[in-house]
Amino acid sequence: MSRLSYTVRVAEDPADREMCFAVRKQVFVVEQGVPEDLEYDAYDAVAVHVLAVRHDGVALGTGRLLYGSEAAEKVGGDLTLGSLGRLAVAEEARGLGVGVALVRAIEDAARTRGLAAVDLHAQTHALGFYERLGYEPYGPEYLEAGIPHQGMRRAL
């Protein structure tokens with residue numbers, strides 16, 4: 001199998017954001033059955049979105065970082081925490097390092113903004129993935145959009 005050639009960048013222009021939303025729609029709405037009105041929210045307008053793009057311009061994955069007051073709403077009021085969310089990798093790119101690259105890019109964006117740690121709500125089937133990246137689970141398991149989740153956090 002040949003090595004996948006891609007780059008990860010902050011999605012700053014509208015076309016990049018649309019690619020982010022298209023990956024999320026495929027992964028969360030189509031594959032996992034999350035209602036579209038739950039998948040997209042007001043945080044999308046203020047989040048830092050990252051995008052993994054194949055050398056030919058095809059979107060492979062995305063994720064977002066909330067910080068400041070928007071993140072504080074999700075992480076109990078702590079302004080030193082960022083909130084990693086909506087991490088999605090296209091089926092063709094799973095297992096090839098794209099998810100790791102996206103998480104690291106989000107962590108870099110959090111460091112740039114002076115954050116001390118990153119918090120996330122992991123689907124329980126992905127706990128091992130996040131644990132390998134240094135995230136530690138906390139609190140009880142809970143349902144979000146009908147899917148079992150676990151809170152996790154990593155100090156930066």
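The values are calculated or read from the model by the stated rules, or taken from the named source; none is laboratory data. Predicted model, so just to flag it, every value in this text is computed and none were measured. Note that each Cβ is placed from the backbone with ideal geometry, even for glycine, and that neighbours are counted across all protein chains shown.
Things to note:
- Count - residues of the range 16-55 that are in contact (Cβ under 8 Å) with a residue 40 or more places away in the chain, of a type in the set (Gly, Ala, Ser), surrounded by fewer than 18 Cβ atoms within 10 Å (Cβ to Cβ) and touching a strand residue (DSSP E or B) at 6+ places or on another chain (Cβ under 7 Å): 0
- Which listed residue, of 115, 87, 102, is in contact (Cβ under 8 Å) with a residue 60 or more places away in the chain and either in a helix (DSSP H, G or I) or not hydroxyl-bearing (Ser, Thr, Tyr) (or both): 102
Here is a yes/no grid of residues against (1) more than 16 Å from residue 122 (Cα to Cα); (2) touching a helix residue (DSSP H, G or I) at 6+ places or on another chain (Cβ under 9 Å); (3) modelled with pLDDT under 95:
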site: 4; (1), (2), (3): yes, yes, yes
site: 19; (1), (2), (3): yes, no, no
site: 42; (1), (2), (3): yes, yes, yes
site: 66; (1), (2), (3): no, yes, yes
site: 76; (1), (2), (3): yes, no, yes
site: 90; (1), (2), (3): yes, yes, no
site: 99; (1), (2), (3): no, yes, no
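- Sole exception among (1) part of a loop (DSSP other than H, G, I, E, B); (2) at pLDDT below 95; (3) in contact with a strand residue (DSSP E or B) (Cβ under 6 Å, 6 or more places away or on another chain) for residue 134, by number: (2)
- Residue match in the range 8-15 (condition: acidic (Asp, Glu), surrounded by 12 or more Cβ atoms within 10 Å (Cβ to Cβ) and not in a strand (DSSP E or B)): no
- Test: residue 69 is within 21 Å of residue 38 (Cα to Cα) and more than 12 Å from the chain's Cα centre (by Cα): yes
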